[in-house]
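K.L.:
Structure in structure tokens, see below.
The values are calculated or read from the model by the stated rules, or taken from the named source; none is laboratory data. Every value quoted in this text rests on a predicted model; they were computed, and no experiment measured them. Don't worry about glycine lacking a Cβ; one is built from the backbone with ideal geometry, like all the others, and counts go over all protein chains shown. Please note that ligands, DNA and RNA were not included when accessible areas were found on the heavy atoms of the full protein model with its side chains. Shrake-Rupley method; radii C 1.70, N 1.55, O 1.52, S 1.80 Å.
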Amino acid sequence: MLDTSTSGRFDRVTAVVWDERTSTRDTGVASIDWRLTGNAGIAEAASKALADSALTTGPVTAVSAGQQATRANSLAGAAAWSVAAALVILLVALWQLPRRVRAVARWGYGDPSKRDSRVDLLRGLAIVFVVVNHLGMTSLFQLLTQEAVGFVSGAELFVLFSGLVVGMVYGPRVKEDFGKVVDLTSRRAGKLYVTALVVLVGVFLLSLLPLLQTDALTTYIDQGTGGSGHNAVGRTYDLYAGMELLLQFPVPAQILPAILLLQFGPWQFNVMGLYVVLLLVSPLILAALNRGKALWVLAATLGIYSVGAATRFRLLPSQFEDSFPLLVWQVLFVIGLVAGFHRHRLVAWLSARTWVVAACTVLALAFAFLSWCNPHLANGFDVRLAIIPDTAYRSIYDAFFARTYLAPGRLLNVLVLVVAAYAFLTAYWKPAERAVGWFLIPLGRATLYVFILHVVLIAVVGNIPALRQGDMLVNTAAYVVILGLLWVMVRTRFLFRIIPT
């Protein structure tokens, strides 16, 4: 290759890039590693050949001994630690202002209605994170949604708040009529299941149309956050592989069960299968909570989480188990359910122990500061902190903050962030509501509706070439239009009779 590319026939060649990662699905998923260093014998022979050649090897830029190269768009040294100092000052100011300034004390939450608007606002923020990350366009919105508030994504918040709402809504009813709760949650689970099937089959039918580009929904490019780890980065998965057999006659016997078990479908929507299963078992958990067994429930959910994280056992063949292992992710839903069931007692307990809230807030800010050091999320406009060597950071991240199996650090981060955010909204509700509440609260009250529609929007965006060019300003403007459109559709209750809410 080098001989050919450096010959006079190809004198316009500037560089040759050898892609180290690729994959094929001819006979399943197989990773192909082209690196010469993968085989010691080949690496030794190649090294000798290079040494004997006229090629100059070594780093492109010289690095002095004991000096670490600084990444672009990063703050190091005093500048990075100044950010930490600013966070401490901000924390002290936010904590003391309501106590010192009487006018600020009046900004607190005082909504007399039974519905907790603070939860709705946080749910709205979670669904915005989900929409932004699933559309996947490079924009200014990624500054907030890509683990910028800590080692947390919209998915963790979405699952936790789903359990919280179930506990708040059905908790009081389980004391009066357990059968009614079983009926209501079963109907809800059935509605979600039918919705998942409709989306699964609908996307497949759209993919058959030659004029439509549906790769964004029918394939998934591994980001290195799954069970295969970072070695799988760049691997492409066909999420509908084999479903074309549905068009044969007679239809192979294995296809229909695979569809019913949600083994196909867009990766952006597969969490719906997790909700279906968790909703079906939620009445049993509510019944245990009604009998005063909260500690037993928490012990059981943490035990199941530990077993799932350690064994990585798949309970179901459904696709959602790849991204949201049931034995692991149930812990967020159940913790949220317990918190929703005992919401008033929990809020009163925290109000009487402000040191717990303070500790959660400090931890949340510490996690956020640490997440800003992630070099693998940096891009052309995202400023990151360079205070931890890249290899050390990756080791810390994999050990404590990995996403798919909810490493302990990530689970703790989600919980302390929610407590801190809820406390902040309690103290500064009026300015927060005026600033973002008008937008986030309606979305938070119709998260299922928004979640369904965002699949349609992903298909639309995938067929607009201008939005796939990586233009930051164009994509940011597109996000403003998309989120604004979703807000208008929610406010006008567009197709609410057809699309589940």
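K.L.:
Which residues, taken from segment 481-499, are open to solvent by 90 Å² or more (accessible area, probe 1.4 Å) and either part of a loop (DSSP other than H, G, I, E, B) or aliphatic (A, V, I, L, M) (or both)?
P.N.:
V481, T492, R493, F494, R497, I498
K.L.:
Looking at (1) in a helix (DSSP H, G or I); (2) at pLDDT 90 or above, which is the only condition Q96 fails?
P.N.:
(2)
K.L.:
In the set V328, V297, which member is within 19 Å of G409 (Cβ to Cβ) and not charged (D, E, K, R)?
P.N.:
V328
K.L.:
Could I ask something else about it? Condition first: out of contact with any Leu (no Cβ under 9 Å at 6 or more places or on another chain), closer than 29 Å to H454 by Cβ and open to solvent by 30 Å² or more (accessible area, probe 1.4 Å). Now tell me which residues in segment 264-298 satisfy that.
P.N.:
Within segment 264-298, L280, V281 meet the criteria.
K.L.:
Show the residue pairs meeting these rules: Cβ distance below 9 Å; 6+ apart or different chains; first residue within segment 343-359 and of a type in the set (D, E, K, R); second residue assigned to a helix (DSSP H, G or I).
P.N.:
R343/V119; R343/L164; R343/G167; R343/M168; R343/G171
K.L.:
Which of the helices (runs of 4 or more DSSP H) contained wholly in segment 299-412 include at least 2 residues that are open to solvent by less than 40 Å² (accessible area, probe 1.4 Å) and of a type in the set (A, V, I, L, M)?
P.N.:
Here the list reads 326-341, 354-371.
K.L.:
So E176 fits all but one of (1) open to solvent by 60 Å² or more (accessible area, probe 1.4 Å); (2) over 25 Å from N290 (Cα atoms); what number is the exception?
P.N.:
Failed condition: (2).
K.L.:
Give the residue, chosen from A423, A478, A432, that is open to solvent by 20 Å² or more (accessible area, probe 1.4 Å) and either in contact with a strand residue (DSSP E or B) (Cβ under 8 Å, 6 or more places away or on another chain) or assigned to a helix (DSSP H, G or I) (or both).
P.N.:
Among A423, A478, A432, only A423 is open to solvent by 20 Å² or more (accessible area, probe 1.4 Å) and either in contact with a strand residue (DSSP E or B) (Cβ under 8 Å, 6 or more places away or on another chain) or assigned to a helix (DSSP H, G or I) (or both).
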